[in-house]
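**Q** First the structure, which I've put down as structure tokens, then a few questions once you've had a look.
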Amino acid sequence: MRFDTPATTNPIDQGKVIGKPIARIDGPLKTTGKAIYAYEWHDPNTRYAYGYIVGSAIAKGRIRSMDVAAARNAPGVIAVVTSDGVGELKKGKYNTAKLFGGTEIQHYHQAVAVVVAETFEEARAAAALVKVDYAEERGAFDLAAAKDSAVKPEGGGDSGAGDFDAAFEAAPVKLDQVYTTPDQSHAMMEPHASIAAWNGDDLTVWTSSQMIDWWRTDLATTLGIDKDKVHLMSPFIGGGFGVKLFLRADAVLAALAAREAKRPVKVALPRPFLMNNTTHRPATIQRIRIGAGRDGKITAIAHESWSGDLPGGGPEVAVQQTRLLYAGENRMTAMRLATLDLPEGNAMRAPGEAPGMMALEIAIDEMAERLALDPVEFRIINDTQVDPENPERPFSHRNLVGCLRTGAERFGWRERSKQPGARREGNWLIGMGVAAAFRNNLVLNSGARVRLDREGIVTVETDMTDIGTGSYTIIAQTAAEMLGVPIEKVAVSLGDSRFPVSSGSGGQFGGNCSTAGVYAACAKLREAVAQKLGFNSADDPIFAEGEVRSGDRRMPLAQAAGDEGLVAEDQIEFGDLTKTHQQSTFGAHFVEVAVDVATGETRIRRMLAVCAAGRILNPITARSQVIGAMTMGVGGALSEELVVDKERGFFVNHDLAAYEVPVHADIPHQEVVFLDETDPMSSPIKAKGIAELGICGVAAAVANAIYNATAIRVREYPITLDKLI
Ligand code: MOS
């Protein structure tokens, strides 16, 4: 089904199942421990072997030689597969860094060997005996030091309209500030893990992947085998946040190890490997300049961002939202990319906007203060309904103003002290902050297969993943709505490369796109049912209460399916609506903090997010995404930072003891409000992304609240207590 004209009324609009607060259908499996995650997959008739990864001890250079004799002779060892031993492997399409093979070292903890043994403990013990002789080279590890060598990335990165320099020069009120965001780690619950089993030339891999087809393609390329020979399964995933978008070393090592050991092999990346072996959100340095008239209208806005990556990598797109969020005739954005020899920088929840909004939304707060305007009002004054760089291009649907107004009302914004540092309760300075939320809405084609059996059970199959987001549930809701059956009659199978290729999970596109794919397949199944019963399109059959009817004619779906059952497969293919209309999601974050006057410790007191993101398919799972994102935003504001060893080139704090994410006690009260809307440009489902919108702006709202509490403006994240005393 091609989607290139705005959606009209369709069965989803009935809202009998879609939009209802239905608890996760996979919840009981998870809470009873019956959901099988990658590493747990276990066939009692199989003797699994265990692989343990050896990571490079240098950040840049070459392997001169490897001595694995001691490891090979250690108890229980079955095989040792080394990087120089396997030689150069072809790199897949999606990663920047190579995952394994050859002698070149591109970053610290790059996989150099996998040791396979009868038990995990034996593999780990033997891995410690692998000796590697490296030829080490000097690398560049410090973004600030490399900033001046940064270049315009391939594919551009600059944009603009009007004459920024002249307008900024002439502006009566202006701001010119620099903000920094650190390297961050995804820090999801479940580390990467794979089990690989060969049957002749056929490879089966149980893994933890957000994007089944991307992994399958890249794994086949890396191993030099046909994609058809690779079967990938990832039915349950304990979080990803972007670090499981692209094939990772665990899958490659498990496949090579299993081939060598001639047995199925399990490989997990131990927690300390996540930070340096995989990817991270790159640090940024961002300069923002804003000029405005005394009426509060922005006349000039510029956002420049510097970030670094390995050769061949890309920039953190931190200026993305500044092209679209506020009006202003004269504007420019630019990105510069430095070569750094740190581990690969890549997508982490809301890549681009998350760190970009951390800077922009402080700058907006600072500008409002200079203009003596309320920061909510300043944002409203500068709202735009068109893409400010291309004013002939409207937003598909945009209600930022509604989010700000609703949020201000619900949060009690009028209680905020206009004077920073003026509200005190005992030892606590109290402040409130606001930020806009903005994240683009991406669309990817997505396929699904739907079966109807003679019991009237509907089964949906798609390689879509559920990374903890609720995909199982919203997909079941979609099929139930489309076919007029209760949700209990729908079974959903996900995360298997034998199923039709879906959008996968990433970039907050999975919810809208995968359900749109299921919509397309269900529409086809409805046609098949109608045709079987001899209805034509003029009959306009209705699917409800488990039957199909038109006029006086009616038949239960179970009967329509017959003994053979019916099956339909289709995919949603997105046309040009994202080009003709800017598709984005909007929100507003409000935060109240207390800062200890003596220690500088910040406590979050309460948070509110108001979101305008198209149809909300399930308010429970959507809320869960937003409160998780708000929590991650608090981490970004107050504690999360990968600390770079600038001499040796690695992230020092590579575990959850030292990479500090918020815990429950850090987050006392969160509220989420969804504005009631649909976006007919986004898909037939009329939904948009929500999971990444929830993080965008949060850290700045915290920073602005801290400023309101203390009168101290911190522009370097994270806002640790040393910066407040
Ligand atoms: Mo997201 S960073 O695309 O999983």
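**Q** Give me a count of the residues in the range 36-71 that are surrounded by 15 or more Cβ atoms within 10 Å (Cβ to Cβ) and under 20 Å from ALA117 (Cα atoms).
**A** 14
**Q** Among the numbered conditions (1) more than 23 Å from ALA699 (Cβ to Cβ); (2) touching a Gly at 6+ places or on another chain (Cβ under 7 Å); (3) more than 16 Å from the ligand (Cβ to nearest atom), tell me where LEU483 comes up short.
**A** (2)
**Q** On the basis of being at pLDDT 95 or above, buried (at least 20 other Cβ atoms within 10 Å of the Cβ) and either in contact with a helix residue (DSSP H, G or I) (Cβ under 9 Å, 6 or more places away or on another chain) or not in a strand (DSSP E or B) (or both), does ALA126 make the cut?
**A** Yes; evaluated as a whole, the condition is true for this residue.
**Q** Which of the residues spanning the range 75-89 are touching a strand residue (DSSP E or B) at 6+ places or on another chain (Cβ under 6 Å) and under 15 Å from ALA127 (Cβ atoms)?
**A** Selection gives GLY76, VAL77, ILE78, ALA79, VAL80, VAL81, THR82, SER83.
**Q** With respect to LEU557, is the statement that it is in contact with a helix residue (DSSP H, G or I) (Cβ under 9 Å, 6 or more places away or on another chain) and either small (Gly, Ala, Ser) or within 20 Å of VAL485 (Cα to Cα) (or both) true?
**A** yes
**Q** So which residues in the range 493-525 are crowded, with 24+ Cβ neighbours inside 10 Å, of a type outside the set (Gly, Ala, Ser) and not in a loop (DSSP other than H, G, I, E, B), if there are any at all?
**A** Listed by number, the residues that qualify are ASN512, CYS513, THR515, VAL518, TYR519, CYS522, LEU525.
**Q** Related question: Looking only at the range 303-322, decide whether some residue is among the hydrophobic types (A, V, I, L, M, F, W, C), over 21 Å from ASP158 (Cα atoms) and assigned to a loop (DSSP other than H, G, I, E, B).
**A** Within the range 303-322, not a single residue is among the hydrophobic types (A, V, I, L, M, F, W, C), over 21 Å from ASP158 (Cα atoms) and assigned to a loop (DSSP other than H, G, I, E, B).
**Q** I've got another one for you. Report, by residue number, each residue of the range 262-275 that is surrounded by fewer than 24 Cβ atoms within 10 Å (Cβ to Cβ) and either part of a helix (DSSP H, G or I) or within 16 Å of the ligand (Cβ to nearest atom) (or both).
**A** If the condition is that a residue be surrounded by fewer than 24 Cβ atoms within 10 Å (Cβ to Cβ) and either part of a helix (DSSP H, G or I) or within 16 Å of the ligand (Cβ to nearest atom) (or both), then ARG271, PRO272, PHE273 are the ones that fit.
**Q** For the range 1-95, which fully contained strands (runs of 3 or more DSSP E) count at least 1 residues that are more than 20 Å from TYR108 (Cα to Cα)?
**A** Output list reads 49-55, 77-82.
**Q** Restricting attention to the range 211-249, and to residues there that are closer than 16 Å to ALA38 by Cβ, in a helix (DSSP H, G or I) and more than 16 Å from the ligand (Cβ to nearest atom), which single residue is farthest from the chain's Cα centre (by Cα)?
**A** In this case the residue turns out to be LEU219.
**Q** Among the candidates THR222, THR207, single out the residue that is in contact with a Leu (Cβ under 7 Å, 6 or more places away or on another chain), under 20 Å from THR462 (Cα atoms) and of a type in the set (S, T, N, Q).
**A** Just one listed residue meets the conditions, THR207.
**Q** So, in the range 594-614, exactly how many residues are surrounded by fewer than 24 Cβ atoms within 10 Å (Cβ to Cβ) and either of a type outside the set (A, V, I, L, M) or free of Cβ contacts under 8 Å to residues at least 60 places away in the same chain (or both)?
**A** Qualifying residue count for the region: 7.
The values are calculated or read from the model by the stated rules, or taken from the named source; none is laboratory data. Predicted, not measured: the structure shown is a model, and the values here were computed from it. Reconstructed Cβ throughout: ideal geometry from the backbone, glycine too, with neighbour counts over all protein chains shown.
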